[in-house]
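Novice: Structure provided below as structure tokens; questions to follow.
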4 protein chains.
Amino acid sequence: MGNKIKLAISGGAGRMGSAIWNLALADSDFEVAVVLERSGHPLVGSDANQIEKADVLIEFTAPEATIDHLNYALKYQKPMVIGTTGLNEAQIKLLKEASKKIPILFSPNMSIGINVLFSIIPGLAKKLSGWDVEIVEVHRKAKKDAPSGTAKKFAQLISQVSGKEIPTHSLRVGDVAGDHTITFASEGERIEISHRAQSPILFAKGALVLTKKLIKMPPGLYEPVNFL
Amino acid sequence: MGNKIKLAISGGAGRMGSAIWNLALADSDFEVAVVLERSGHPLVGSDANQIEKADVLIEFTAPEATIDHLNYALKYQKPMVIGTTGLNEAQIKLLKEASKKIPILFSPNMSIGINVLFSIIPGLAKKLSGWDVEIVEVHRKAKKDAPSGTAKKFAQLISQVSGKEIPTHSLRVGDVAGDHTITFASEGERIEISHRAQSPILFAKGALVLTKKLIKMPPGLYEPVNFL
Amino acid sequence: MGNKIKLAISGGAGRMGSAIWNLALADSDFEVAVVLERSGHPLVGSDANQIEKADVLIEFTAPEATIDHLNYALKYQKPMVIGTTGLNEAQIKLLKEASKKIPILFSPNMSIGINVLFSIIPGLAKKLSGWDVEIVEVHRKAKKDAPSGTAKKFAQLISQVSGKEIPTHSLRVGDVAGDHTITFASEGERIEISHRAQSPILFAKGALVLTKKLIKMPPGLYEPVNFL
Amino acid sequence: MGNKIKLAISGGAGRMGSAIWNLALADSDFEVAVVLERSGHPLVGSDANQIEKADVLIEFTAPEATIDHLNYALKYQKPMVIGTTGLNEAQIKLLKEASKKIPILFSPNMSIGINVLFSIIPGLAKKLSGWDVEIVEVHRKAKKDAPSGTAKKFAQLISQVSGKEIPTHSLRVGDVAGDHTITFASEGERIEISHRAQSPILFAKGALVLTKKLIKMPPGLYEPVNFL
């Protein structure tokens, strides 16, 4: 029991925060010690000093709340897992500063599968040097931006190896959670690497898997690929 | 034996003509009675009057040769299977005229699979009315035009049902013979209809399957979907 | 307003019943007039006589409750949409009897996509007569039965056309909601027909789409394919 | 010109030998110096002493011819690329002996894509430890053995990492040249790694790519993964 990881979950009433909360309750490696929400929220406390009781802080909220909580993580020397998106350069600079004193994992995509692919694609692209490469991604009709951030990252990783631009195609149909396929083709053969997301729960699950790795690390700014 | 279909194959030294010739030799329903090539070709005869000996003329050549041979088909009242591409409007008008007197099958794509899909897609699009639709096609790097003619035909068939434009994505990689995938998506579910061509032989095979149907037909201008 | 379809939803606290309830609230064609649950349930009423106020009864419950409610549907002459599984032969016989007096839609799979595929597969198999056919289905690791009922239905529909047994392959991995792929292959070409379910919501959505069709029908026992 | 690699091609009239010959003629890095066929073949010479004029011997023949030519490769100290299948244990032992004196590349599958996948799959399986894994392969109807040797190798590589047996499914349809798909699945996400062979030419192409690597190596028995 004493070996359970004590979690502080910020934004516990939000979509991601509550998903992490639910998964953590079902995982015997974790104990949910603290759940934070904005001041006045009926559900849970809002005093960030409570994170003193936790081993690590998981944060999927807004940029301002994230930076606010970063100060408490520094104050109590707690590692921090940050999935918040939309941080500006000044805020990211604050993360970098803080990471000299505490371990911080920062990523807009905590999917284990996607991050494992990020880690193998550069090596694969090198081995398949000279092959043609294109990317197809499929997301829900309502998704406005195209290509997806994940597709752009794949294209960038391959481009850094091949020196060529990688054509990327975006389908926007139905309520698809997110498919990405990278096609490598040469004479007479093709290799296709696909990732299919079925539901947003995978991002919560990824955050917890990565939390277990982060708490063993020295201070530093980490990405999921550092642990996979 | 007397029931074998006697073929006249035009352009017998060409890529398609020789493929048809080879397949016909291996098919007990056919007898290759005549093979035509341009005047002076060492391989085979060039006197188009020979088609009198055949039951049907199969033509995958150039537009001029095709129209020249059309006159012989008319003269000897022989059905004609035409896979020649690039005919201009005047030449197509000649086909239409001729089809009042002889049965003519005219199509730039004799693949059975593609034509079967052409035949079912309008009905499917009607049943899936309201679903989002997009098309992805993959062809060899060297293919200049995009989207493929086949993808355009699919998009047009669906568009006629839904009244919406169908986004089409073209990948040009390796030496892919030709893949087409139509994705229909609604809330929580997707239907994907794919066709994969492995080699050009399928077009020769399709021409022979369709030849067996054409020779039983009255005069008229036919497409493969009329027989599938 | 007067034209809205008044729904009675049975099993409104269950997984399917509540999904239908939520979707119906968001659909301006429907009004949720009655929600039934078993006696004593705090959420909603349990007096099945209430269905008199509705235009149609939607039932995704247990076999006994279904047959019990069937009697009320008969009493008040209301059409009934039944997605309950596990009915025995005697119970199905009761449905058939009742369907002489009221329209009944009965199906274990209300997915629009799957049922549309059920409706086109026999025709497609006929057009692709002589092609080899195999089926691959993918479901969550925990799913015990294999092949899936849907895969068996596809195999049966194709087998009735071709007279051949259709090999079926079952993958059981992760928490996949349900993929089915039918591969047709001939010389040089392949056609693949795939359905991907992303979440169970599609079954609730399908039930509502089909309800709109059922209420216009004369008495009879219907399957989704009758409406697609 | 002096820097071209001089090839001796054994079995030059065979399916693989002639494909290699054709590809080598079109590749400015190679010069076809010697082509061998069995004694009396009208096309080319049969005196294996000719390999003295070449830099490397490429052999896709029968086991007996392969061992016979191995002795000439030893006599003239020439590296040897061997794609011959069906060697028995005694013959493989002879290869191992010879590889102490000359560099030998020996593999039944010279596809670059397949061998690159062989090289990355163990690392990927390690990163995706705990995910469910299954394999699906598709080959021509006429292929008797199942699963394919390539599928078995994939299953073995993954099994060595996970300690679990990997279910493998074999489809036998049409004249498919060879597709392999490895599915990894976890909660909410899936990764699929596919290889599609379009035609046998890819094995000839792979042999030439690997030949360029082999001639720079010291004596030893190599597999393609050693070079990719």
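Novice: Which residues, taken from the stretch C:91-142, are under 18 Å from C:Pro167 (Cα atoms) and more than 20 Å from the chain's Cα centre (by Cα)?
Specialist: First, pick out the residues of the stretch C:91-142 that are under 18 Å from C:Pro167 (Cα atoms): C:118, C:121-122, C:124-126, C:128-139.
Once the filter is applied, which keeps residues that are under 18 Å from C:Pro167 (Cα atoms) and more than 20 Å from the chain's Cα centre (by Cα), the stretch C:91-142 yields C:Leu124, C:Ala125, C:Lys126, C:Leu128, C:Ser129, C:Gly130, C:Trp131, C:Asp132, C:Val133, C:Glu134, C:Ile135, C:Val136.
Novice: Out of (1) in the same structural domain as C:Lys213 (by TED's automatic domain parsing); (2) within 20 Å of C:Glu223 (Cβ to Cβ); (3) out of contact with any strand residue (DSSP E or B) (no Cβ under 8 Å at 6 or more places or on another chain); (4) surrounded by 14 or more Cβ atoms within 10 Å (Cβ to Cβ), the odd one out for C:Ser99 is which?
Specialist: That leaves (3) as the condition not met.
Novice: Conditions first: (1) away from chain D (no Cβ under 14 Å); (2) surrounded by fewer than 16 Cβ atoms within 10 Å (Cβ to Cβ); (3) of a type in the set (A, V, I, L, M, F, W, C). C:Ile120 passes all but one, so which condition is the exception?
Specialist: (2)
Novice: So in the stretch D:209-228, with the set limited to residues that are of a type in the set (A, V, I, L, M) and not in a strand (DSSP E or B), which one is farthest from the other protein chains (Cβ to nearest Cβ)?
Specialist: From the stretch D:209-228, those of a type in the set (A, V, I, L, M) are D:209-210, D:214-215, D:217, D:221, D:225, D:228; that's our starting set.
From what is left, the residues that are not in a strand (DSSP E or B) are D:209-210, D:214-215, D:217, D:225, D:228.
Values: D:Val209: 9, D:Leu210: 13, D:Leu214: 17, D:Ile215: 19, D:Met217: 18, D:Val225: 10, D:Leu228: 5 Å.
Among residues in the stretch D:209-228 that are of a type in the set (A, V, I, L, M) and not in a strand (DSSP E or B), the one farthest from the other protein chains (Cβ to nearest Cβ) is D:Ile215.
Novice: Output the number of the condition that B:Pro103 fails; it satisfies all remaining conditions of (1) more than 24 Å from C:Leu124 (Cα to Cα); (2) modelled with pLDDT under 95; (3) not β-branched (Val, Ile, Thr).
Specialist: Among (1) more than 24 Å from C:Leu124 (Cα to Cα); (2) modelled with pLDDT under 95; (3) not β-branched (Val, Ile, Thr), B:Pro103 violates only (2).
Novice: Continuing with the same structure: Would you confirm whether any residue within the stretch D:125-135 is over 18 Å from C:Arg172 (Cα atoms), in contact with a strand residue (DSSP E or B) (Cβ under 9 Å, 6 or more places away or on another chain) and outside any loop (DSSP other than H, G, I, E, B)?
Specialist: Let us first name the residues in the stretch D:125-135 that are over 18 Å from C:Arg172 (Cα atoms), namely D:126-127.
Right, trim to in contact with a strand residue (DSSP E or B) (Cβ under 9 Å, 6 or more places away or on another chain) and you get none.
So far as the stretch D:125-135 goes, no, none of its residues is over 18 Å from C:Arg172 (Cα atoms), in contact with a strand residue (DSSP E or B) (Cβ under 9 Å, 6 or more places away or on another chain) and outside any loop (DSSP other than H, G, I, E, B).
Novice: Let me ask something else about it. Restricting to the stretch D:77-93, name every residue that is at pLDDT 95 or above and buried (at least 17 other Cβ atoms within 10 Å of the Cβ).
Specialist: Once the filter is applied, which keeps residues that are at pLDDT 95 or above and buried (at least 17 other Cβ atoms within 10 Å of the Cβ), the stretch D:77-93 yields D:Lys78, D:Pro79, D:Met80, D:Val81, D:Ile82.
Novice: Output the number of residues of the stretch D:101-123 satisfying the condition of being touching a residue at least 60 places away in the same chain (Cβ under 8 Å), under 16 Å from D:Gly83 (Cα atoms) and in a loop (DSSP other than H, G, I, E, B).
Specialist: Here the count works out to 4.
Novice: Among the residues of the stretch A:158-180, what is the count of those that are farther than 29 Å from B:Ser129 by Cβ and surrounded by fewer than 19 Cβ atoms within 10 Å (Cβ to Cβ)?
Specialist: Going through the stretch A:158-180 one residue at a time, the tally reaches 8.
Novice: Among the residues of the stretch B:151-175, write down those that are part of a helix (DSSP H, G or I) and either within 14 Å of chain A (Cβ to nearest Cβ) or modelled with pLDDT under 95 (or both). Before the answer, list the steps.
Specialist: Restricting attention to the stretch B:151-175, the residues satisfying the condition of being part of a helix (DSSP H, G or I) are B:151-162.
Result: B:Ala151, B:Lys152, B:Lys153, B:Ala155, B:Ile158, B:Ser162.
Novice: Please report, ordered by residue number, the strands (runs of 3 or more DSSP E) entirely within the stretch D:1-98 with at least 3 residues that are touching a Phe, Trp or Tyr at 6+ places or on another chain (Cβ under 8 Å). Quick ask: steps written out before the conclusion?
Specialist: Details: elements: D:5-10, D:30-36, D:56-59, D:80-82.
Those strands (runs of 3 or more DSSP E) span D:5-10.
Novice: From the residues in the stretch D:176-208 that are within 7 Å of another protein chain (Cβ to nearest Cβ) and part of a loop (DSSP other than H, G, I, E, B), which one is farthest from A:Gly206 (Cα to Cα)?
Specialist: First, the residues of the stretch D:176-208 that are within 7 Å of another protein chain (Cβ to nearest Cβ): D:176-177, D:183, D:185-199, D:201-202, D:205.
So of that shortlist, the ones also part of a loop (DSSP other than H, G, I, E, B) come out as D:176-177, D:187-188, D:198-199.
Numbers: D:Val176: 38, D:Ala177: 38, D:Glu187: 10, D:Gly188: 10, D:Gln198: 37, D:Ser199: 40 Å.
Only one residue fits best here, namely D:Ser199.
Novice: Looking at the stretch C:128-153 only, could you name the residues that are surrounded by fewer than 21 Cβ atoms within 10 Å (Cβ to Cβ) and among the polar types (S, T, N, Q)?
Specialist: C:Ser129, C:Ser148
Novice: Taking the stretch B:181-207, which residues are surrounded by 20 or more Cβ atoms within 10 Å (Cβ to Cβ) and aliphatic (A, V, I, L, M)? Before you say what the answer is, go through the steps one by one.
Specialist: In the first step, residues of the stretch B:181-207 are kept if they are surrounded by 20 or more Cβ atoms within 10 Å (Cβ to Cβ); the result is B:181-186, B:188-191, B:193, B:195-198, B:202-207.
Hits for the stretch B:181-207 are B:Ile182, B:Ala185, B:Ile191, B:Ile193, B:Ala197, B:Leu202, B:Ala204, B:Ala207.
The values are calculated or read from the model by the stated rules, or taken from the named source; none is laboratory data. Bear in mind that the values here come from a model prediction, so they are computed numbers and not experimental data. Because the Cβ atoms are built from the backbone with ideal geometry, glycine has one as well, and the counts that use them run over all protein chains shown.
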